[in-house]
Structures are given as structure tokens and as C-alpha cells.
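The values are calculated or read from the model by the stated rules, or taken from the named source; none is laboratory data. Note that the coordinates shown come from a computational prediction; the quantities given were computed from them, not determined experimentally. When we count neighbours, we look across all protein chains shown, and the Cβ atoms used for this are built from the backbone with ideal geometry, even at glycine. The protein model used for the area step is the full one, side chains on, heavy atoms only, and it has no ligands, DNA or RNA in it. Shrake-Rupley method; radii C 1.70, N 1.55, O 1.52, S 1.80 Å.
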Amino acid sequence: MWEKTMPVNEVREIITKTHLYLGAGAIQKFNDIAKDLVNKGIKKVAILTGKAAYIKTGAWDVVSKALEENGIEYLLYNKITPNPNSHDCDEARDLAVEFGAEAIIGIGGGSPIDSAKSVAIMCCYKENTTADLYEYKFTPDKALPIIAINTTHGTGTEVDRFAVVSLLEKEYKPAIAYEVCYPMYAIDDPNLMVGLGKGQTCYTSVDAVNHVVEAATSLVTSPYCVMLAKETIRLVHQYLPVALEEPNNIEARYFLTYASMIGGVCFDNGMLHYTHALEHPLSAVKPDITHGLGLAVLLPAVIRHIYPACSEVLAEILRPIVQLEGKENEAEEAALKVKEWLVSVGIKETLKDLGFTEKDVPKLVELAFTTPSLDLLLSLAPVKATKEVVEAIYRESL
């Protein structure tokens with residue numbers, strides 16, 4: 001396997017819109033980032049993170065020391081929750097503005113990094129709220145510089161222009177995607193991920209798989225997206241079982257992190273459709289649901305419905321999981337084999353297990369069509385997204 005030739009303990013640079021450092025020990029590159037911030041005249045930063053992971057991973061020791069040694073003052077906001085909400089982003093924005101922050105750092109998985117993107121924008125639009133941003137009441141064309149220090153291997157948000165924040169009162173979980181959301185720098189260090197539990201390891205990896213299944217089959221996909229999708233699924237299929245059995249295996253964490261990153265680039269280009277559009281209402285209604293788990297529950301039914309429209313692409317990218325010929329009549333087999341794979345890595349749940357019933361389906365369907373931004377995702381599905389199709393996917397996932 002070519003992967004054996006890659007020096008996982010050497011840090012390599014990957015440049016997309018974001019300058020990314022990938023590799024075991026990449027967190028030490030934050031010293032260089034801090035020096036560059038000073039060279040750019042940045043003397044104050046606000047840091048968004050969750051309650052504990054930024055410390056447990058060891059990231060904070062490096063970040064705080066580098067900031068202090070380079071004379072950069074910092075404000076720490078460590079209240080970001082899974083499925084972050086607009087109120088916390090507003091509070092963090094107000095504190096950052098009062099502090100005089102000139103850049104925003106996110107430390108964590110998708111939630112802190114997406115929140116950092118949101119706050120970086122909102123610091124430049126003090127007259128607006130984060131809810132205004134996510135309800136598309138204005139279009140941002142500026143933001144403070146963003147640095148993303150990633151601690152999970154699933155979202156790809158460290159290299160893409162997407163961010164997601166929940167609006168609790170309306171049970172909305174919209175997404176935004178703007179050029180100003182790209183982080184200036186990002187760090188993907190597998191050493192920061194060895195502490196992920198089995199659930200987090202699995203759910204985040206399955207998030208990456210969903211990203212590429214959707215991006216490779218959307219109405220705006222490209223050969224580039226299909227290539228990235230094939231590699232993402234191959235790497236997750238190969239290395240997720242290893243990481244589940246050997247949490248400290250740096251090689252496995254490295255390639256899951258890389259898979260997540262290229263998955264982020266993949267859907268940054270090919271966009272998303274059914275699975276994400278239908279999951280967002282789930283975790284908007286029940287914020288305790290882990291995003292990747294919600295996606296996993298929906299994925300087999302989504303594949304069943306879209307397979308006839310893109311059978312050849314799905315057969316190609318799903319080859320590590322199931323051997324298919326790319327014929328339209330293989331939809332049921334594809335769905336069942338993907339479900340079997342999910343069970344094999346520990347995901348056995350259904351929507352009923354997540355607390356949903358038949359009575360919830362109409363509300364979920366309505367949210368899928370009324371939540372800001374989800375209509376765009378649904379419009380990119382390879383099979384026309386009618387309420388009947390969306391309802392069928394939800395019901396089959398129960």
C-alpha cells in the first residue's frame with residue numbers, strides 16, 4: 001500500500017484556499033503562525049473552543065505558550081457546545097469586539113471552528129446578530145482572519161467555506177458558505193485526535209463519508225469530486241476499524257484526518273444534498289444528537305433513493321464497501337450493504353433509537369424545506385427533492 005511510504009511524523013503543507021499543516025506534531029507549527037500574526041500587525045486574538053478538549057488534547061499548552069512568547073494578548077471563550085447556537089456566537093462576538101480582537105482562533109471539531117468563522121464575520125458587522133447571518137439578512141464580504149486548530153477527523157471545516165450554527169427558537173440549523181469563511185491557517189495534527197472515544201471516532205469519520213457521497217452525486221459535481229470521494233471512502237474503510245481498535249495508532253488517525261480534509265475540499269466543490277439537508281432538522285430539534293450519527297442513520301435510505309440516478313458513480317466510490325456493477329436495479333443491495341458496513345463499525349441506531357417517531361416526520365419534512373439554506377442543498381440532489389421523497393427517507397430511517 002502506498003500509504004506505507006508516507007512519513008506520518010513529518011509535517012507537510014497542503015495549500016488550498018487555506019494554508020494547512022498536516023502531520024503528527026503539526027500543532028508545533030502554531031509557533032510559526034503566531035510569528036506571522038505579529039508580522040501582520042495582529043496583537044490581540046479571541047479563541048473559541050469547548051469546555052475541555054482544547055486542554056485534554058494538549059493543543060492549549062502549545063497555543064497559549066506561543067501567543068505569550070510572541071506578545072499576543074488573547075481572550076478565551078470556552079463555552080462552545082456541540083451543535084453550536086447563535087446566542088453563544090453573539091456573546092463571543094461581543095466579548096471579542098470589546099477586547100479588540102484582530103483575529104479569531106477556533107480549537108476543536110466542527111462546532112468551535114464553525115463558531116470561530118461566524119464570530120470572525122460578526123466582529124465586522126456589529127449592528128447585526130448571528131441569527132441575521134444565518135437567516136441570510138445580509139451577505140458578508142469581510143471577516144477577521146481565522147485560524148482553525150482541528151481536533152476531530154470528520155468535518156473538513158478547517159479547509160472549507162462552510163459553517164453551521166443553530167437558531168434554537170426556530171429549531172433551524174442553517175449553513176452558510178462564503179469566501180470570507182476560509183481559514184487563513186489550519187492545523188490537522190493526528191496527535192490531537194488519539195483521545196477521541198469510539199463514538200466520536202466513528203461518527204466523525206462517517207461524516208466525511210457522507211460529505212463525499214453527496215458531493216460526488218450532486219448536480220454540480222465534477223471528476224475532481226469523484227476522485228476525492230473515492231479516496232476518502234477507501235481511506236475511511238481501511239483505517240476506521242484500525243482506529244477503533246487502536247485509538248493511539250497515529251498512522252490510522254493521520255489517514256482519517258487526511259480523508260476528512262479532502263472530503264471537506266470535495267464538498268466545498270461539489271456541495272451537499274439529501275443527507276445533510278435531512279440531518280440538520282434532526283439535530284436542530286434534538287441538539288444532543290451527534291451530527292455524524294444522524295447522517296449515518298439517514299445514509300442507507302438516501303442511497304436507496306438516489307442510486308438509480310447515479311448508479312455508476314456510486315458503484316465506483318462505494319467499491320471498498322460493496323461490489324456493484326453500477327446498474328440502476330442495485331439500489332436495494334447498495335443500501336443494505338452500506339447499512340451492514342455502518343453496523344460493522346458500531347452504528348446500529350435508527351431514528352427511533354434517536355427518539356423520533358412517525359408523528360415527528362411531518363415536522364422534520366417541513367423543517368427540511370423551510371430552514372434557510374437547506375432548500376439550496378435539496379435543489380442539488382440527483383433525484384428531485386419533493387416532500388414525498390424526503391418523507392420516504394425519514395420513514396425508511398425509522
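The figures follow:
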{"read-out": "Segment 13-67 - percent relative contact order, Cα under 8 Å, separation 6 or more", "value": "38 percent"}
{"read-out": "Nonlocal amide H pairs with E349, under 5 Å, H built at 1.01 Å", "value": "none"}
{"read-out": "Out-of-range pairs (alpha-carbon distance over 31 Å; input K43/K173; K230/K348; K137/K384; K40/K230; K4/K51; K79/K198)", "value": "K43/K173; K40/K230; K4/K51"}
{"read-out": "Distance histogram in 10 Å bins (all Cα pairs of the chain, percent per bin)", "value": "5, 25, 34, 25, 9, 2, 0"}
{"read-out": "Antiparallel %, DSSP beta bridges [both residues in segment 144-210], to 5", "value": "50 percent"}
{"read-out": "Distance between modelled label sites at Q323 and S379, nm, 7 Å Cα→Cβ extension", "value": "4.2 nm"}
{"read-out": "In degrees, nearest ten, helix 198-217 long axis to first principal axis of the chain (Cα)", "value": "70 degrees"}
{"read-out": "Dipole moment magnitude, nearest 20 debye, segment 165-312 about Cα centre, only Lys, Arg, Asp, Glu C-beta charged", "value": "280 debye"}
{"read-out": "Helix axis angle, 250-270 relative to the chain longest principal axis, alpha carbon, degrees", "value": "80 degrees"}
{"read-out": "Over segment 66-179, relative contact order from alpha-carbon pairs under 8 Å, at least 6 apart, %", "value": "28 percent"}
{"read-out": "Computed lengthening from Q238 to T350, 0.36 nm per intervening residue step minus Cα-Cα distance", "value": "37.9 nm"}
{"read-out": "CD proxy at 222 nm, helix term only [per DSSP H run n ≥ 4: -39500 (n - 2.57); per residue of the chain; nearest 500]", "value": "-15500 deg cm²/dmol"}
{"read-out": "Beta bridges per DSSP with both ends in the chain, % antiparallel, nearest 5", "value": "25 percent"}
{"read-out": "Residues R12 and E340, FRET efficiency given R0 of 35 Å [Cβ-Cβ distance, rounded to 0.05]", "value": "0.50"}
{"read-out": "Of T18, L351, V62, farthest towards positive along the dipole that unit charges on Lys, Arg, Asp, Glu beta carbons give the chain", "value": "V62"}
{"read-out": "Cα-centre dipole for the chain with unit charges at Cβ (Lys and Arg positive, Asp and Glu negative), debye to 20", "value": "220 debye"}
{"read-out": "Neighbourhood net charge (12 Å Cβ-Cβ; Lys/Arg +1, Asp/Glu -1) for I176", "value": "-1"}
{"read-out": "Relative contact order %, the chain, counting alpha carbon pairs below 8 Å whose residues are six or more apart", "value": "15 percent"}
{"read-out": "Loop-resident sites, segment 309-389, for GluC sites (Glu not before Pro), counting at most 11 other Cβ within 10 Å (DSSP)", "value": "E325"}
{"read-out": "Pairwise centroid distance, computed over Cα atoms, of segment 1-51 with segment 329-356, Å", "value": "36 Å"}
{"read-out": "In segment 133-168, chymotrypsin sites (Phe, Trp or Tyr not before Pro) in a DSSP loop with at most 14 other beta-carbon atoms within 10 Å", "value": "Y136, F138"}
{"read-out": "Length released on extending from D61 to E91, taking residue separation times 0.36 nm less the Cα-Cα span", "value": "8.3 nm"}
{"read-out": "Dipole magnitude of segment 176-262, debye to nearest 20 (Cβ charges: Lys/Arg +1, Asp/Glu -1, about Cα centre)", "value": "160 debye"}
{"read-out": "GNM flexibility winner over the chain from G50, G346, G264 (Cα, springs under 10 Å)", "value": "G346"}
{"read-out": "Angle between the chain longest axis and helix 274-285 axis [Cα atoms, degrees, rounded to 10]", "value": "60 degrees"}
{"read-out": "Net charge of Cβ neighbours under 11 Å - reference L377; Lys, Arg +1; Asp, Glu -1", "value": "-3"}
{"read-out": "Total formal charge among the other residues, if their Cβ is under 15 angstrom from that of G71, Lys/Arg +1 and Asp/Glu -1", "value": "0"}
{"read-out": "D141 - accessible surface, heavy atoms, 1.4 Å probe, Å² rounded to 10", "value": "120 Å²"}
